[in-house]
Amino acid sequence: MIDLTNNTISSARDGLKSGDFTAVELVNEHLRKMEKLSFLNAFITETPDIALRRAEESDARRASGNALGSMDGIPIAVKDLFCTKGTLTTAGSHILDDFVPTYESTVSANLHNSGALMLGKTNLDEFAMGSANITSYFGNVINPWKCEDDKDLVPGGSSGGSAAVVAGRMALGATGTDTGGSIRQPASFTGIVGLKPTYGRCSRWGIIAFASSLDQAGPMTRTVRDAAIMLGAMAGHDVKDSTSAPVKVPDFEAALNGDIKELKVGIPREYRVEGMSSEIESLWEEGIAMMKSAGAKIIDVSLPNTQHALPTYYIIAPAEASANLARYDGVRYGLRIEGDSLDHMYANTRGEGFGVEVQRRVLIGTYVLSAGYYDAYYRKAQRVRRLISEDFTNAFKSVDLLLTPTAPSAAFAIGEKLDDPITMYQNDVFTVPSSLAGMPAISLPGGVNTRGLPLGLQLIGRPFDEETLLRGAEVLETAVNFDVLPDMAS
Amino acid sequence: MSLDRETVRNIANLARINVAKDNLDHLAKELSSILEWVEQLNGVDTNGVEPLASVIDMKLPLRKDEVTDGDCRDKVLENGPEIEDGYFAVPKVIE
Amino acid sequence: MSYIIQGETGDWEVIIGLEVHAQILSESKLFSGSKVSFGAEPNTHVSLVDAAMPGMLPVINNYCVEQAVRTGLGLNAKINLTSVFDRKNYFYADLPQGYQISQLYHPIVGEGTVILDLEDGSTRKVGVERLHIEQDAGKSMHDQDPKRSFIDLNRSGTGLMEIVSRPDLRSPEDVGAYLRKLRSILRYLGTCDGNMDQGSLRCDVNISVRRVGEAELRNRAEVKNVNSVRFAMQAVEIEARRQVEVYEDGGEVVQETRLFDSVKGETRSMRSKEFAHDYRYFPDPDLLPLELSQEYVDNIKATLPELPDVRKDRYMTSFGLSSYDAGVLVAERDTARYFEELVKGQDPKLAANWIISNLFAVLKERGVGIAESPISAESLSKLLDLLKNNIISSRIAKDVFEIMVKEGKEADVIVEEKGLKQITDAGAIEAAVNKVIANSPQQV
Ligand SMILES: [Mg+2]
Ligand SMILES: [Zn+2]
């Protein structure tokens, strides 16, 4: 029997359409795979009942000729940062470990309305703060990929659960959120495709906020085509989000015409950072060569403020987070640890409810906004952010896309890079600049390293031009022809 | 900026996060190293550069003044840790 | 006439600035679609946004913006075409987000003026520093339970205008005049109902004292919880005297927030504010800068009603009223409306007098506003007709007026029934008699 979990969204769409299998069958096989790989700890909450019920509805729709579209009957997983009505939503935090929203996020509602079926809520770094999925209150996630030494590897973060689910064939796609690389870096670590859309493309309504000026939801899938299909279902203007762009959602899949002749692809020289590993350097070179032989013009460009992006990010994101997380105070929902005064109740609740990394960032954020330091840190970072943003605007005057590595390394072992927080922060060195500028960016597998672990390549596009981004990514995907699977996925 | 225990205690108090006394020194060291690291921005010339608060190129959308929401007390109170007579209850505040 | 506190060591003057929070008259809240209400069941007019549920986002109400612009124009203030919303961070049980969305760095309205109408008929300009839009908090109830405070979020998210005066006020009287005038302007504009007892107009009073002749400002206390004009005036008196005593006893006044206790007649340091605040303002990343066009502002300007100051000038120039009378008549829109109805065909000074000395007494006695007056402008006008035509004397007119109030009858009927006409000339009597005969032919 053919394993239905080997499908992509697009092949499952075709299979469902031609009646090769039903949505219920598709869901059941994924549920079996979830059970088999439950030790990866990729899900915080599994929702088999919801998935099966909705699969039956989908099959019924299809039988009566009313199928909804490309996502109808497709089993997906949802990062546990999206509020889901009636289903536990934790943000990976103790402080929300009993929170059941009475509302559904716009993005998950959009997916629901397109017929997608939710298999469960995926594990993540607490409040999406992390690059290894080791800060979750619900335990770390294990990467489905392994190398010879058999050590457990991190899946990346913060959307580590979603990445593991897609790489492990537990769902055909998953939602992620990306604030500084939280979709792309785990995609890179797990050999899948992860797309961070333009800021404003997907509504933030109902997504638990980390850093509001940076947070974007996006798809995590096995192929570029799937990313195009799933983004189409997630995106759209939302009047409930004042930063949601009032732009039409194009047919992203239609943009995948395989033609990148005359497309100008910029290679930002500042991404060739000091100490770049040779495996990343050669991955990048190969990617450049592939784009070139597919007909793209390769252009050397400069993004002079690249090196300032990480420190800028680590001022702005914690500052916004310190305010966004103030609502977790034990008064209206979530954990409460009693105290003998209101202030003691707050401090006890937040001291116990937030993990170490979240506390660290809230404290940094509080400090950089505090009296006497606001100008020196926060305003300064906002000024540098403008310089970084202008770098991209300037570069896109002469190129259509930028090609870079996604992450400075392959997945590392659980327990590594814990010497100090900054070592961990370096994971996002290539993803943070485009986040600060709000540009759309995608990570796709570029190959494997000598230890057999996947490495990602990143393409960055112009604002609201995900079509060109996806077109370029699909051509690169074809050239790379990444056909390796983690052993445990099959 | 190198933070001392006292400053960390003040920030933690501002952020309403209970930090154990014996963790203050460690935290001070850790936060100081992060701050020292981000302070490399001091070297960037930002003279005449306006701060950038949002990357999105659009105007603030405004909505009509209509009652479209509310009247959902059950939803509002549903997850409350302590509810009494339709109110959220908290430890008594003395003004 | 300056307000001086005579201390044991010399004379002191009082420097006062007011921060007034005016609830914007609108159907729905500033950043959510729930209803603006007063006195509803707890937590019924609360949306998930008002309760700051995870992932909820603000979307601004265009009418609240319009109301703020209208108010700014009514204060002759500069309208800032670009303004920015900031988060003001602090923890409190009735502040669900853990921050208030406000405008610190770029308020929607800049400098303006309020003209005080003082008791002696003189006027004085007081500077308005700024007006900004912000969210209201919910309400905490502290006296229902020995161990708990109860939180009601119905008010949470309601739109407020914070109107900050310059420290231009010098006496309790100034404070009263400022608050009354501001309330009058807001009511004329229809941007705030001005009901202090319902909390839709609240004020914080910043008070400091200094020796007469001193140029520098000394530390000030911010007195909160002042919910009537009278209390604001009392608070100034009490707090200023307290500060003088502190200084004269060799102490220092600390810059702090104090609570006004109207029952005990004192101000006291607020325990909940004893830790220094650090509000960590920064631009709210959930919102973008608010951009207005000059055309938008001009359109609002074109719809402004005649405001009390302009109307007062008109009453003085076209009706020859005194500054005091004109000021009293224009203070409330309903009073002005009544006067303008009454003055048609009447002597303006007489009309003004009747309203101010006679009608006001009745309204005060009954505890009603002029809109609920037992005597309409039309009825009062008929009474003044009788007076004007010498059918009754002014002494009798007052008696008739009393009877009108008591019995609700028209003046001419009362005069007829009680036989109160004054006999001045034979012709008039004859005419009156003929009129009576003509009106009741069957009785002859
Ligand atoms: Mg104040
Ligand atoms: Zn205020």
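A few notes on this one:
- Residue tally, condition more than 7 Å from chain B (Cβ to nearest Cβ) and either within 16 Å of ligand 1 (Cβ to nearest atom) or modelled with pLDDT of 95 or more (or both), over the stretch C:29-39: 4
- The set of residues in the stretch C:6-28 that are away from ligand 2 (no atom under 16 Å from the Cβ) and within 23 Å of the chain's Cα centre (by Cα) comprises C:VAL14, C:ILE15, C:ILE16, C:LEU25, C:SER26, C:GLU27, C:SER28.
For (1) over 19 Å from the mean Cα position of the chain (by Cα); (2) closer than 20 Å to A:ILE183 by Cα, each residue gets a yes or a no:
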{"position": "A:PHE396", "(1), (2)": "yes, no"}
{"position": "A:THR406", "(1), (2)": "no, yes"}
{"position": "A:LEU418", "(1), (2)": "yes, no"}
{"position": "A:GLY447", "(1), (2)": "yes, yes"}
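- Tally of residues being within 16 Å of ligand 1 (Cβ to nearest atom) and either over 21 Å from A:THR366 (Cβ atoms) or within 19 Å of the chain's Cα centre (by Cα) (or both) across the stretch C:75-99: 1
- Test result for C:GLY127, closer than 24 Å to B:LYS64 by Cβ and out of contact with any His (no Cβ under 9 Å at 6 or more places or on another chain): no
- Of residues in the stretch C:99-120 being within 14 Å of C:GLN135 (Cα to Cα) and among the polar types (S, T, N, Q), the one farthest from ligand 2 (Cβ to nearest atom): C:GLN103
- Answer residue from the stretch C:4-28, given it is within 16 Å of ligand 1 (Cβ to nearest atom) and not aliphatic (A, V, I, L, M) and is least open to solvent (accessible area, probe 1.4 Å) among those: C:GLY17
- Of the set (1) more than 9 Å from chain B (Cβ to nearest Cβ); (2) within 22 Å of the chain's Cα centre (by Cα); (3) open to solvent by 10 Å² or more (accessible area, probe 1.4 Å); (4) under 24 Å from A:LYS264 (Cα atoms), all apply to A:SER389 but (1).
- Number of positions in the stretch A:318-346 that are open to solvent by less than 20 Å² (accessible area, probe 1.4 Å) and either within 11 Å of chain C (Cβ to nearest Cβ) or among the aromatic types (Phe, Trp, Tyr) (or both): 19
- Inter-residue pairs, beta-carbon under 8 Å, first on the phi > 0 side of the Ramachandran plot and in the stretch C:326-354, second open to solvent by 10 Å² or more (accessible area, probe 1.4 Å), 6+ apart: C:GLY345/C:SER381; C:GLY345/C:ASP385
- Options A:GLY191, A:GLY176; residue that is modelled with pLDDT of 95 or more, buried (at least 24 other Cβ atoms within 10 Å of the Cβ) and over 17 Å from A:MET129 (Cα atoms): A:GLY191
- Contacts under 7 angstrom Cβ, first residue in the stretch A:106-126 being closer than 14 Å to A:MET220 by Cα, partner among the basic types (Lys, Arg) and not in a helix (DSSP H, G or I), 6 or more apart: A:THR122/A:LYS79; A:LEU124/A:LYS79
- Test: residue in the stretch A:250-261 that is on the phi > 0 side of the Ramachandran plot, open to solvent by 50 Å² or more (accessible area, probe 1.4 Å) and without any contact (Cβ under 8 Å) to a residue 24 or more places away in the chain: no
- Residue satisfying condition, being touching a residue at least 60 places away in the same chain (Cβ under 8 Å) and either buried (at least 16 other Cβ atoms within 10 Å of the Cβ) or hydroxyl-bearing (Ser, Thr, Tyr) (or both), within set A:THR243, A:THR312: A:THR312
- As a summary of the residue check, C:GLU372 satisfies the conditions (1) out of contact with any Phe, Trp or Tyr (no Cβ under 8 Å at 6 or more places or on another chain); (2) surrounded by fewer than 22 Cβ atoms within 10 Å (Cβ to Cβ); (3) over 19 Å from C:ASN195 (Cα atoms) except for the one numbered (3).
- Whenever a residue of the stretch C:159-178 is within 14 Å of chain B (Cβ to nearest Cβ), it has no partner that is within 16 Å of ligand 2 (Cβ to nearest atom) and open to solvent by 10 Å² or more (accessible area, probe 1.4 Å) lying with C-beta atoms less than 6 angstrom away and at least six residues away or across chains.
- Any helices (runs of 4 or more DSSP H) falling wholly within chain B and containing at least 3 residues that are within 13 Å of chain C (Cβ to nearest Cβ): B:5-14, B:73-77
- Residue check, C:VAL209 surrounded by 22 or more Cβ atoms within 10 Å (Cβ to Cβ) and modelled with pLDDT of 95 or more: yes
- Checked against (1) at pLDDT below 95; (2) within 19 Å of the chain's Cα centre (by Cα), A:VAL429 meets all criteria but (1).
- In the stretch C:138-153, of all residues being within 22 Å of C:TYR99 (Cβ to Cβ) and of a type in the set (A, V, I, L, M), the one that is farthest from the other protein chains (Cβ to nearest Cβ) corresponds to C:LEU153.
- The residue that is farthest from the other protein chains (Cβ to nearest Cβ), among those in the stretch C:209-250 that are within 15 Å of ligand 1 (Cβ to nearest atom) and among the polar types (S, T, N, Q), is C:ASN227.
- Scanning the stretch A:363-374 for residues that are at the interface with chain B (Cβ under 7 Å from one of its Cβ atoms) and either touching a residue at least 24 places away in the same chain (Cβ under 8 Å) or not hydroxyl-bearing (Ser, Thr, Tyr) (or both) turns up A:LEU363, A:ILE364, A:THR366.
- Qualifying residue in the stretch C:188-207 (condition: under 29 Å from C:ILE133 (Cα atoms), part of a loop (DSSP other than H, G, I, E, B) and charged (D, E, K, R)): yes
- Qualifying residue in the stretch A:375-386 (condition: free of Cβ contacts under 8 Å to residues at least 12 places away in the same chain and away from chain B (no Cβ under 14 Å)): no
- Just one residue in the set A:ALA209, A:ALA217 is open to solvent by 10 Å² or more (accessible area, probe 1.4 Å), within 30 Å of A:THR468 (Cα to Cα) and within 14 Å of chain C (Cβ to nearest Cβ); that residue is A:ALA209.
- C:SER262 away from chain A (no Cβ under 14 Å), in contact with a strand residue (DSSP E or B) (Cβ under 9 Å, 6 or more places away or on another chain), free of Cβ contacts under 8 Å to residues at least 24 places away in the same chain and surrounded by fewer than 18 Cβ atoms within 10 Å (Cβ to Cβ): no
- Picking from residues in the stretch C:100-137 that are within 14 Å of another protein chain (Cβ to nearest Cβ), part of a loop (DSSP other than H, G, I, E, B) and within 16 Å of ligand 1 (Cβ to nearest atom), the one that is surrounded by the most Cβ atoms within 10 Å (Cβ to Cβ) is C:GLN103.
- The condition of being part of a helix (DSSP H, G or I) and either out of contact with any Ser or Thr (no Cβ under 9 Å at 6 or more places or on another chain) or away from ligand 2 (no atom under 16 Å from the Cβ) (or both) holds for C:ALA232.
The values are calculated or read from the model by the stated rules, or taken from the named source; none is laboratory data. Fair warning: this is a prediction, and the values are worked out from it, not measured in the lab. Cβ coordinates were reconstructed from backbone atoms using ideal geometry, including for glycine residues, and neighbour counts include every protein chain displayed. Surface areas here come from the heavy atoms of the whole protein model, side chains and all, with no ligands, DNA or RNA. Shrake-Rupley method; radii C 1.70, N 1.55, O 1.52, S 1.80 Å.
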